[in-house]
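First up is the structure itself, then whatever we jot down about it.
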Amino acid sequence: MSSTVDKIIITFIGFGHMGRAFLKGALSALPGAHFMAVDPALDLNDPPADFRETHNVTFANDPSEAPEYIRRSALFVFAVKPQNAKEVCAAWKSYIAKEAAFLSIAAGITHAFLARQLREGQPVIRAMPNLASAIGKGIAGAHANAHVSASQRVLADRILKAGGPVLWVDREEKIDAVTAISGSGPAYYFYVTEVLAEAGRSLGLGAEESEILARQTAIGAGAVLEEFPDVPPGEYRRRVTSPGGTTAAALEILMDGALEKILKRATKAAAARSAEMGEESS
Ligand SMILES: NC(=O)c1ccc[n+]([C@@H]2O[C@H](COP(=O)([O-])OP(=O)(O)OC[C@H]3O[C@@H](n4cnc5c(N)ncnc54)[C@H](OP(=O)(O)O)[C@@H]3O)[C@@H](O)[C@H]2O)c1
């Protein structure tokens, strides 16, 4: 590791689905940095295939394997399960310099919790990506506490952008709403796709036929929204709804208010659960 003495060091705590996805993106976003990926589940003799050719990643199972090096990290990416957060913070605290930035993507883990587990004054960024972040098609909401410097925020932003756009919010409470809309959101679209496929079956299509139609329609609608980001979704809906046509016949039922009410109820429940998880972890 001697050649990395002058490089900025970024340490990933937890190298599961999210840790791997964000490190993969960070490797191209920050080619001059050196990365540590620390996870007890890693097989050090057989690192994940995506990282075998990279020379600027060091793998470890425990921070005690490279303590001095880890202590020089400018930023830690915290990507372990929320239920492990307390014990992992306790094990890591002595390796995290007081001025190092801590970027947590753990659901429901609050600034207050991290201040207690690490230290008051630790620069912390709390972010909420989503499932699609693992393939670069997600979105993350992020909030920085008052101790995060402008350059730490830029660094965190570059790492989070590996998963898709980053929306910085001005109040931590908004992370609960981010969780309800985009954090949990992919599951809502999967459910709508399931229900649409089910509806196709009740119209006489085979299970496979119906699923392929519903799935590809979700992919196509998403791709159109991606291709033309300046056109509001409602505008597209109007464009494809000819008066008196088939889409109009369906939307007359879909837009009777019931779906809107249900989505508002569902996202309210998700936001409340996110806040509750924050309190449970505190
Ligand atoms: N997946 C998503 O769609 C998604 C979306 C938004 C936010 N998140 C958040 O992202 C975080 C990570 O999720 P994930 O899906 O990547 O989970 P994951 O695949 O389970 O990865 C977590 C990794 O952390 C490891 N770990 C456990 N204890 C550790 C320790 N002491 N030191 C270092 N690593 C340790 C786990 O090892 P073991 O398996 O051996 O325990 C596991 O490999 C979670 O907090 C989750 O809330 C995930």
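The values are calculated or read from the model by the stated rules, or taken from the named source; none is laboratory data. Worth saying up front: this structure is predicted, and the values here are computed from it rather than measured. Note: ideal-geometry Cβ built from the backbone for every residue, glycine included; neighbour counts use all protein chains shown.
Q83 meets each of the listed conditions (1) at pLDDT 95 or above; (2) over 11 Å from the mean Cα position of the chain (by Cα) apart from (1). Looking across the stretch 61-89 at every residue that is among the β-branched types (V, I, T) and touching a helix residue (DSSP H, G or I) at 6+ places or on another chain (Cβ under 7 Å), the one that is nearest to the ligand (Cβ to nearest atom) is identified as V80.
When the stretch 148-163 is filtered for residues that are at pLDDT 95 or above and in contact with a strand residue (DSSP E or B) (Cβ under 7 Å, 6 or more places away or on another chain), the ones remaining, listed by number, are V148, Q152, R153, L155, A156, D157, I159, L160.
Scanning the stretch 47-60 for residues that are out of contact with any strand residue (DSSP E or B) (no Cβ under 6 Å at 6 or more places or on another chain) and either within 15 Å of the ligand (Cβ to nearest atom) or β-branched (V, I, T) (or both) returns P48, D50, T54.
Against the list (1) outside any helix (DSSP H, G or I); (2) under 20 Å from I135 (Cβ atoms), the condition A187 fails is (1).
Please go through the stretch 90-136 and give me each residue that is more than 14 Å from the ligand (Cβ to nearest atom), touching a residue at least 24 places away in the same chain (Cβ under 8 Å) and assigned to a loop (DSSP other than H, G, I, E, B), ordered by number. Once the filter is applied, which keeps residues that are more than 14 Å from the ligand (Cβ to nearest atom), touching a residue at least 24 places away in the same chain (Cβ under 8 Å) and assigned to a loop (DSSP other than H, G, I, E, B), the stretch 90-136 yields A97, K98, E99, A100, L118, R119, G121, Q122, P123.
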